[in-house]
Each structure stands twice: as C-alpha cells, then as structure tokens.
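*Asks:* To start, I am sharing the structure in question, which I have written as structure tokens.
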Amino acid sequence: MTLPPVLEGDGRPLDQIRLSGLAARGFHGVFDHERRDGQDFAVDVVLHLDTRPAAASDDVTDTVHYGDLAVALADVLRGEPVNLLERLVERLARVCLADPRVAAADVTVHKPGAPIPEQFADVEVAVRRTRLDLPPVEPARVVLALGANLGDRDATLQSALGDLARVPGITVAAVSPVVETDPVGGPEQPPYLNAVAVLATTLSPLELLAACLAVEQEHGRVRDVRWGARTLDLDVIAYGDLVARSERLELPHPRAAGRAFVLAPWAALEPQARLPVAGTGPGTRRSVDGASRSVPSRSVTELLSQAADRDGVRPRPDLSLRVPR
C-alpha cells in the first residue's frame, strides 16, 4: 500500500516506524475448516509519529516500543476469530493507535493460505486509520456547539437537536441555556443564538462530523462567505478528551478555548467542565481506544473569564431548548 505522507500542522511529514512480516497462526475466516484448523496470517504496519523526542533523549519511553507492539499485534492474530480480514485489520489498527504519539497507522494483513480455488500468491487488506476514524469502545461523551442567526433561530436550534437525536448512534443527553451573541469577524450580520449540547455517541468522530454536516444542510446551511450569516452552525467542540487532527476535523475545536459564545453556555450547563488545551497543565483523558493518557486541560469557567468576546454574550432566559425524547 502506497499512501501520501501524514503531515504535522506545520506541513512537515511525520516520521515512520515500520514493522513488517509479523506472523502468527489464527483461526479467522468464514469456513468451518478455517475456524477448526487455522492458518498463518502476517501483518505489516507503518506508524506515523514524531521520533525527534526519542532521538534527543535516547530513551525508549519517548517512543513506541515495537517489541511490545509486536506482541500485542500477534495476540490479535491468535485471538478471537473473526469472519473477515476487514474486521481483523480494524482491530490491528486500534492496537497501533493505542499509543497517543501515533498520529496515524497504515496496516496490511496478509492471508496467503486463503481458500481460493486458483493459483495466487497472497490476499491482503490494507487500511490507514487515525483515532478520528475509530468508533469508541464505549459511548463517547461529546460537547457540541449550536448557533443560528438567520430565520427562526430558536426553532432552528430545537429542530436541529431533534434531527441529531434521530441519527442512529447519537443520544442528546443535555442542553445548555440559550445566549445571544454579537457576531465575531466576517461581514455585518444579525446576532446569533447559541447553545451547547452534550451528546453520547457510538459514532466515530468523523462519522459524527458527517451527521452534523447533514443536519446543517437540511436546514439550508451554505458556505459561500467565510464567517458569514448562517441558518445553522454545528461545531464538534470536544469528543471525550480526544486530542487529534486531520484535514477534515481537529479535536478539541481549535478556537473553542477563546470563544465566549461556546464557553458561556457550556459553563452554565457544566461549571466544572474542562477543555483539553495544549500546554496548559495536568489533566487526564480517555482516548477512543479506552486507554488513559495524560493531556493538559483548562477549566471552561477560567477560559470564559479570559475570552475577549465575553461582553458580547447575553443570557436569554426567555428562551429554552428541550432535550429531545
């Protein structure tokens, strides 16, 4: 599998650690004899990460321990049988992404003994995955920002919550008070109504993003003017405490820490909430793979007190949004 390099935020290609030809006997397949007799499988992986910290320290704890990785991958090959290579390669990719330093993983699984009644050399399934592609092991807690400044704004926000609740894999758990907000940046336009909702989802981050974009489109959202007026705006602010980025989605939202129209309703709903923010102090997150990782975070209430646009946010106690049933 030949794929373009994975880039850092500054455009620099990430380094790679490659593990090739790892073999183990497994019992995967759709036929009874495959489950009974087993066969040999092999895996190639490419991890995309920054190896400079390890180069500077010469300490194995500053990089991925490829010996431990090999054992974990072989355990998957020897482990619980699955029918399809597509399912198997997804499990292997999740193992590769268990280390938070790995931004992406290319995984190829080989099945040279596949039961094919023709001469062939190999069967392989190859994927590239990031944490944004992976559904959570358990339902993930999501913070979603909602905004509208065209049309019947509060009715649109309520309708959007209902649309989200009807998406399989999404549950709307709570919704904040409504605030009215002066526009920040962009052309002259009417004020916004904003709110924050807390969701529980079994969708991957990118699947959730696609669902939000579909709901926006249903409400006539257009993107012909940057920071222009809009019928509906849905932003994924945080997905658990996941820290990840791609061309399509960055988590947490890269501008959420300075947006009072997000922070004010969120703080009203959850005064003790914290937002992962790079370089701001200790914290703990649980990544999509279920493993605990240490990441910095800051109090949403503290961030709100420092937001430059906080004076442009006004409570609207006359308006309220309901959690859809």
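The values are calculated or read from the model by the stated rules, or taken from the named source; none is laboratory data. All values reported here derive from a predicted model rather than from experimental measurement. Positions of Cβ are generated from backbone atoms using ideal geometry, with glycine treated the same way; all protein chains shown enter the neighbour counts.
*Asks:* Considering only residues that are touching a Pro at 6+ places or on another chain (Cβ under 9 Å) and within 16 Å of GLN16 (Cα to Cα), which ones fall in segment 58-80?
*Replies:* ASP62, THR63
*Asks:* Within segment 158-197, which residues are over 21 Å from the mean Cα position of the chain (by Cα), part of a strand (DSSP E or B) and small (Gly, Ala, Ser)?
*Replies:* Matches in segment 158-197: ALA195 only.
*Asks:* Just the residues that are buried (at least 18 other Cβ atoms within 10 Å of the Cβ) and basic (Lys, Arg), please, taken from segment 245-272.
*Replies:* ARG259
*Asks:* For the structure I just gave you, tell me whether VAL95 is crowded, with 16+ Cβ neighbours inside 10 Å, in the same structural domain as ALA195 (by TED's automatic domain parsing) and within 17 Å of SER204 (Cα to Cα).
*Replies:* Here the answer is no, as VAL95 does not meet what is asked.
*Asks:* Do you know which residues across segment 121-155 are crowded, with 21+ Cβ neighbours inside 10 Å and of a type in the set (Val, Ile, Thr)?
*Replies:* THR130, VAL142, VAL143
*Asks:* Sticking with this one: If we only count strands (runs of 3 or more DSSP E) wholly inside segment 223-325, which ones have 3 or more residues that are on the phi < 0 side of the Ramachandran plot and at pLDDT below 90?
*Replies:* Output list reads 284-286, 292-294.
*Asks:* Among the residues of segment 164-195 satisfying the criterion of being over 17 Å from ALA307 (Cβ atoms) and charged (D, E, K, R), which is modelled with the highest pLDDT?
*Replies:* Across segment 164-195, the extreme among qualifying residues is ARG166.
*Asks:* Okay, moving on. Of all residues in segment 29-58 being assigned to a loop (DSSP other than H, G, I, E, B) and either among the β-branched types (Val, Ile, Thr) or in contact with a Cys (Cβ under 6 Å, 6 or more places away or on another chain) (or both), which is surrounded by the fewest Cβ atoms within 10 Å (Cβ to Cβ)?
*Replies:* Per the stated criteria, the residue is VAL30.
*Asks:* Being free of Cβ contacts under 8 Å to residues at least 24 places away in the same chain and under 18 Å from LEU97 (Cα atoms) is the requirement here; does GLY38 meet it?
*Replies:* Values: free of Cβ contacts under 8 Å to residues at least 24 places away in the same chain: yes; under 18 Å from LEU97 (Cα atoms): no.
Here the answer is no, as GLY38 does not meet what is asked.
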